[in-house]
1. For H179, tell me the accessible area in Å² from a 1.4 Å probe, rounded to the nearest 10.
2. How much accessible area per residue does the stretch 112-167 have, in Å², with a 1.4 Å probe?
3. Roughly speaking, what is the stretch gain from R122 to D60, that is 0.36 nm per residue apart minus the C-alpha to C-alpha distance, in nm to one decimal?
4. Obtain the nm distance between the two label points defined at Q30 and A42 by a simple spin-label model: each point lies 7 Å from its Cα along the Cα-to-C-beta direction.
5. Using 0.36 nm times the number of residues separating R53 and T15, minus their current alpha carbon distance, what extension gain do you get?
Amino acid sequence: MTPRPGLRERKKLRTRRLLQQEALRLFLEQGYDTTTVEQICAAADISPSTFFRYFPTKEDVVFPDDRGPCAGEHPGTGDAISGRGPVEPVPDVVRATLFGLLEQGLTEDRDTTLARLKLAARVQPLRARMRQQQESRVTHTAALLAERAGRDRNGYEVRVTAAVLVAVLTETLMFWAEHDGEPDLTALVTRALDHLGGLNL
């Protein structure tokens, strides 16, 4: 069982979430470019110096590198892949893992995720930032797939499969956000994987 974070860690997490919530609210209400860090801090009743301890730039408050479906890596991904049965076909592992990542990234804070993705759809620098994160996500996913399948993480087929998974996840989430979160994500991912055919290593 994972130990419960201490009081200090919980306070830090609350502060981080408050800054993200206020930033996303202001970005959606008055626009990303016209919203300043000072305005975010005033809304959260937190000093600018505190803001920059949590987020180096204004972009980072939208797409932090350590959480959410648009993050550089996904906590728990390794368990999702390596914890599955060794005799299960790789395409089934890939499919089930992708669904697991999607569920993990959305069930805890669906509204925040939707707000982030809506901003990315509207604001070019944020969309570019999200695309830049794809390279690290592909590398991370390739390593996990290679571990599960006993393959070289730098092998061509492994890298291609990882890149396809990252693209499927990204495009599915963007389509979902552009349609105001209405399409069923599980159905969308299923459609994408069926369209692509069996993924293998």
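The values are calculated or read from the model by the stated rules, or taken from the named source; none is laboratory data. Everything numeric here is computed off the predicted structure, so don't read it as measured data. FYI the Cβ positions are ideal-geometry reconstructions off the backbone, even for glycines, and counts take in every protein chain you see. With ligands, DNA and RNA removed, areas are computed over all heavy atoms of the protein, side chains included. Shrake-Rupley method; radii C 1.70, N 1.55, O 1.52, S 1.80 Å.
1. Its accessible surface works out to 90 Å², give or take rounding.
2. Working: 2600 Å² over 56 residues.
Solvent-accessible surface per residue comes out at 46 Å².
3. Values: separation 62, 0.36 × 62 = 22.32 nm, distance 1.64 nm.
Roughly 20.7 nm would be gained on extension.
4. 0.6
5. Working: separation 38, 0.36 × 38 = 13.68 nm, distance 1.08 nm.
Here the answer is 12.6 nm.
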